[in-house]
Amino acid sequence: MKSTSVFDIIGPNMIGPSSSHTAGALRIALLAGKMTKRPIVKVEFVLYGSFARTYQGHGTDRALVGGILGFSPEDARIRNSFDIARERGIDFSFRPDYDTKDVHPNTADVIITDDSGTVSTVRGASIGGGAAVIQQINGVDVKLRGELSTILVRQKDTPGVLAHIARCLADNNINIAFTRMYREAKGENAYTIIEADGAIPAKVLSEIEALPSILSAILIEL
């Protein structure tokens with residue numbers, strides 16, 4: 001069997017088609033994995049558009065698994081990501097969807113099961129040049145690129161939540177670059193995404209989670 005170089009998978013400069021199908025795909029899975037606090041035991045990748053048609057030949061499958069493992073796009077272990085995932089006890093599978101049309105051509109759903117049995121679904125699209133955007137979290141439309149230090153807050157949609165988050169950040173001298181809130185419906189579950197100009201100390205998460213309406217706060221730094 002012909003061996004596969006890491007440059008066969010992602011390319012040395014990560015430009016052109018391979019950057020969309022590998023580096024961008026890896027970034028989708030990397031972001032999805034960072035949204036899960038507990039160890040991952042199972043992941044299913046649902047692939048759409050060109051991802052569904054070419055994921056094996058272009059190395060998208062190895063890149064997605066590498067992202068779940070936390071690898072960077074330059075990591076030479078990407079070529080062995082399947083074996084490494086199995087060694088770590090992570091069950092993974094791929095399901096191409098050829099029928100869904102109303103999605104970006106390079107889209108993947110990452111369906112993660114953690115060791116407590118909790119299942120979460122993250123949808124992302126590879127948008128070119130190795131960049132990616134998370135478009136849905138558990139069915140809620142969002143926009144998250146992970147290019148800055150980011151806090152992802154899952155909360156109940158109740159009054160005072162945003163004020164509480166802003167106060168925690170101000171108390172820790174964190175300058176907010178962007179804040180967006182997305183919700184299922186009024187009074188239901190919601191997500192707040194905060195991007196900061198600089199590093200975010202981990203202690204902020206526990207301060208944010210002190211409010212009963214906050215279900216979780218996760219720091220995403222790539």
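Write down Rg/Rh for the chain, rounded to two decimals, with Rg from the C-alpha atoms and Rh from the Kirkwood relation over Cα pairs. Spell out each step's value before the answer.
On the way: Rg = 17.7 Å, Rh = 18.0 Å.
Ratio value, two decimals: 0.99.
Cα axis of helix 161-171 to longest principal axis of the chain: angle in degrees, 0 to 90, nearest 10?
Rounded to the nearest ten degrees, it is 90.
With n ≥ 4 as the cut-off for DSSP H runs, can you work out [θ] at 222 nm for the chain, using -39500 (n - 2.57) per run divided by the number of residues, rounded to the nearest 500?
Calculated from helices alone, the mean residue ellipticity at 222 nm is -7000 deg cm²/dmol.
Classify region 15-138 as rounded, prolate or oblate, taking a ≥ b ≥ c as the square roots of the eigenvalues of its Cα gyration tensor: rounded when a/c is under 1.5, otherwise prolate if a/b is larger than b/c and oblate if not.
In terms of gyration-tensor shape, oblate.
Can you give the longest stretch of the chain with no exposed loop site, where a site means trypsin sites (Lys or Arg not before Pro) in a DSSP loop (not H, G, I, E or B) with at most 14 other C-beta atoms within 10 Å? Could the numbers behind the result be given before it?
Working: sites that count: Lys2, Lys37, Arg88, Lys101, Lys186.
Formally, the longest exposed-site-free interval is 102-185.
Output wanted: per-residue J couplings in Hz (rounded whole) for region 119-132, from phi through Karplus 6.51 cos²θ - 1.76 cosθ + 1.60, θ = phi - 60°, x for Gly and Pro.
10, 10, 10, 10, 10, x, 10, 8, 10, x, x, x, 8, 8
Can you give me the three principal axis dimensions of region 87-161 from its C-alpha atoms, in Å, biggest first?
43, 32, 26
Which whole-number percent is the relative contact order of region 6-144 (Cα, under 8 Å, 6+ apart)? Write out the running numbers ahead of the final one.
Working: 309 pairs, mean separation 47.3, N = 139.
Result for region 6-144 is 34 percent.
Give me, ordered by chain and number, the residues 5 or more places off Ile127 or on other chains with an amide H under 5 Å from its own placed amide H.
Residues meeting the criterion, in which the H sits 1.01 Å from N, are Ala132, Val133.
Rounded, prolate or oblate, given the Cα gyration tensor of region 110-222, with a/c below 1.5 counting as rounded?
Details: a/c = 1.59, a/b = 1.16, b/c = 1.37.
Note, shape of region 110-222 comes out oblate.
How large is Rg over Rh for region 173-217, taking Rg from the Cα atoms and Rh as the Kirkwood inverse mean of 1/r across Cα pairs? Walk me through the numbers before you get to the answer.
Details: Rg = 11.8 Å, Rh = 11.8 Å.
Computed over Cα atoms, the ratio is 1.00.
Mean 1/r over all different Cα pairs, inverted: what Kirkwood radius does region 98-142 give, in Å?
Details: mean 1/r = 0.0863 Å⁻¹.
Computed over Cα pairs of region 98-142, the Kirkwood hydrodynamic radius comes out at 11.6 Å.
None of the figures in this text is laboratory data; all of them are computed from the coordinates on show. Source: prediction; values computed, not measured. So basically every Cβ, Gly included, is an ideal-geometry build from the backbone, and we count neighbours across all protein chains shown.
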